[in-house]
Amino acid sequence: MTNEKLPTNNGINSEKVILTCALTGVFTDPKTHGVPVTAKEMADAAAEAFNAGATIVHCHFRNQEEGKGHLPTWKPEVVGEICRTIRQRVPEIIINCSTGILGEDISEPLECLKTVKPEIAALNSGSLNYLKTRKDGSWAWPPILFDNPVEKVKKFLDFMRENSIVPECECFDTGILRSVRMYRKNGMFKHPPFVSLVMGVASGMPSNPAWLPLLVNEMDDDYTWQVIAIGRQEVWPLLRRAIELGGNIRTGLEDTFYLPDGSKTFSNGKLVEAAVKLVESAGKTVANTEETRRIYSLQN
């Protein structure tokens with residue numbers, strides 16, 4: 001396709017591909033799916049992912065009380081302990097903290113960012129009706145509005161700028177992606193954006209490789225970007241297409257439990273290993289931590 005635009009990772013060699021691993025997710029029950037919850041489990045998972053080739057770990061944080069590991073927590077002492085343990089175990093790793101929260105009050109995620117001081121933090125860049133139906137058409141869960149109005153986005157951006165945290169602009173649909181350009185034009189931020197195309201949420205963009213060239217054409221040449229592919233085996237062709245188009249990729253137990261051959265895994269390391277093979281099969285190489293920091297213009 002001659003009209004496809006090939007971004008160059010913010011001026012850095014586009015033959016390098018950054019691998020992020022999303023270690024655990026938000027609500028997955030560790031009793032049935034074996035996702036990491038405790039500080040030690042999160043550190044072990046981070047080490048496994050790093051040793052396999054990931055340079056960034058995207059972290060959600062879970063309630064540490066017995067029997068409540070399927071629930072999120074915003075307690076700064078819990079979040080701080082988990083991140084300290086990860087850093088002690090894997091000093092080179094880059095931490096990307098989740099900030100996704102419903103409602104106007106963002107004091108809890110801001111307090112967690114203040115405690116952890118991550119190099120990157122997620123910036124949910126627009127609102128989404130978060131929906132899923134069962135086979136019979138009934139709702140898989142009560143419909144949720146994941147509300148991220150402009151005022152909320154700006155508060156996060158202001159805090160991240162003041163604390164030298166790079167925002168990862170998570171975009172669940174095309175309108176949110178296009179809004180990022182308007183945020184920049186409006187002066188809400190000035191640096192080249194780091195965009196995540198979240199694909200596979202049932203009420204958002206699908207895990208369809210054919211969408212990617214169109215989405216790339218909605219980004220300016222100085223964007224850096226990655227694909228977050230959510231689903232089963234269908235995620236792997238999507239990640240492959242992202243690599244071919246000059247993007248970076250994310251995998252991990254938050255996004256999928258399935259390897260390219262269709263087998264199920266509860267190992268972040270095995271998912272990252274599969275992603276490394278995907279990068280190499282596309283004729284590219286995985287970025288190391290120094291290259292990752294340079295591409296994403298990180299301070300450390």
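The values are calculated or read from the model by the stated rules, or taken from the named source; none is laboratory data. The structure presented is a predicted model; accordingly, all values stated were derived computationally and were not measured. Reconstructed Cβ throughout: ideal geometry from the backbone, glycine too, with neighbour counts over all protein chains shown.
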> Out of 257, 172, which single residue is within 25 Å of residue 59 (Cα to Cα), of a type in the set (Phe, Trp, Tyr), buried (at least 21 other Cβ atoms within 10 Å of the Cβ) and touching a residue at least 12 places away in the same chain (Cβ under 8 Å)?
Replying inline: 172
>> Condition first: within 18 Å of the chain's Cα centre (by Cα) and assigned to a loop (DSSP other than H, G, I, E, B). Now tell me which residues in the stretch 267-287 satisfy that.
In response: 267, 287
>> Quick check on residue 208: is it in contact (Cβ under 8 Å) with a residue 12 or more places away in the chain and either crowded, with 19+ Cβ neighbours inside 10 Å or under 19 Å from residue 247 (Cβ atoms) (or both)?
In response: yes
> Taking the stretch 50-97 as the search range and keeping residues that are of a type in the set (Val, Ile, Thr) and assigned to a loop (DSSP other than H, G, I, E, B), which one is surrounded by the most Cβ atoms within 10 Å (Cβ to Cβ)?
Replying inline: 55
> In the stretch 117-134, is there at least one residue being more than 19 Å from the chain's Cα centre (by Cα), farther than 26 Å from residue 73 by Cβ and part of a strand (DSSP E or B)?
Replying inline: yes
>> Among the numbered criteria (1) within 22 Å of residue 27 (Cβ to Cβ); (2) among the basic types (Lys, Arg); (3) without any contact (Cβ under 8 Å) to a residue 24 or more places away in the chain, which one does residue 152 miss?
In response: (3)
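Have a look at 252, 247 and point out the one that is touching a residue at least 24 places away in the same chain (Cβ under 8 Å), at positive phi and not hydroxyl-bearing (Ser, Thr, Tyr).
The match here is 252.
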> Can we say residue 203 is buried (at least 22 other Cβ atoms within 10 Å of the Cβ), of a type in the set (Gly, Ala, Ser) and either out of contact with any Gly (no Cβ under 8 Å at 6 or more places or on another chain) or within 24 Å of residue 242 (Cβ to Cβ) (or both)?
Replying inline: no
>> Being more than 20 Å from the chain's Cα centre (by Cα) and under 30 Å from residue 287 (Cα atoms) narrows it down to one residue among 157, 214, 177; which is it?
In response: 214
> Just checking, how many residues over the stretch 17-47 are crowded, with 19+ Cβ neighbours inside 10 Å and within 20 Å of residue 119 (Cβ to Cβ)?
Replying inline: 13
>> Which condition from (1) among the aliphatic types (A, V, I, L, M); (2) closer than 20 Å to residue 243 by Cα; (3) in a loop (DSSP other than H, G, I, E, B) is the one that residue 215 breaks?
In response: (3)
> Limited to the stretch 19-49, what total is found for residues that are of a type in the set (Ser, Thr, Tyr) and in a strand (DSSP E or B)?
Replying inline: 1
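Select from the stretch 157-200 the residues that are among the hydrophobic types (A, V, I, L, M, F, W, C) and out of contact with any helix residue (DSSP H, G or I) (no Cβ under 8 Å at 6 or more places or on another chain) and list them in ascending order. Step through it out loud before you land on a result.
Here is the first cut: in the stretch 157-200, the ones among the hydrophobic types (A, V, I, L, M, F, W, C) are 157, 159-160, 165-166, 169, 171-172, 176-177, 180, 182, 188-189, 194-195, 197-199.
Correct list: 172, 176, 180, 182, 194, 198.
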> Looking at 63, 51, which is the one that is polar (S, T, N, Q), at pLDDT 90 or above and over 29 Å from residue 287 (Cα atoms)?
Replying inline: 63
